[in-house]
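Written out below as structure tokens is the structure these notes cover.
The values are calculated or read from the model by the stated rules, or taken from the named source; none is laboratory data. This is a predicted model, so every value here is computed, not measured. Neighbour counts are summed over all protein chains in view; Cβ atoms, including those assigned to glycine, are modelled from backbone coordinates with ideal geometry. SASA here: full protein model, heavy atoms, side chains in, ligands and nucleic acids out. Shrake-Rupley method; radii C 1.70, N 1.55, O 1.52, S 1.80 Å.
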Amino acid sequence: QAQLVESGGGLVQAGGSLRLSCAASLNIASMNFMAWYRQAPGKQRELVASITRGGTTNYADSVKGRFTISRDNAKKTVSLQMNKLKPEDTAVFYCAAWGSLGSYWGQGTQVTVSS
């Protein structure tokens, strides 16, 4: 079964940076769409950033200019560089992928931003 495993979460002070990585056991080059979502306590899961197979990126308004999504098909990884973190970025971050055979989700990694 295909797996996505997130890493890189942790505790950081406001204004700091973290880089999340998503390691895939599947061929991400064939994935049409890969994304990072997040879910804060008591809130719905929301799309943070996405990248298509062709490299087109899209970001939630709340993270534009601060977060950058990238993919390395050879290394089967998708990364999320997060700069200028804010306390409201605190959430569990999930990696997701969509391909011709369905969708895949990771287990999530916790990001906590202290003020």
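Using a 7 Å offset from the Cα along the Cα-to-Cβ direction at both Phe33 and Ala74, what is the distance between the two label points in nm, to one decimal? Roughly 2.9 nm, to one decimal. The Cα atoms of the chain give a gyration tensor whose axes a ≥ b ≥ c have a/c of 1.5 or more with a/b greater than b/c, which makes the shape prolate.
Could you state the per residue volume, in Å³, of the convex hull enclosing the Cα atoms of region 1-62?
On the way: hull volume 8.0 nm³, N = 62.
Dividing the Cα hull volume of region 1-62 by its residues yields 129 Å³.
Taking every protein chain into account, the accessible area of the chain amounts to 53 square angstrom per residue (probe 1.4 Å).
Using a 1.4 Å probe on the protein chains only, how many percent of the accessible area of the chain belongs to carbon and sulfur?
Values: 2860 of 6090 Å².
The value for the chain is 47 percent carbon and sulfur by accessible area.
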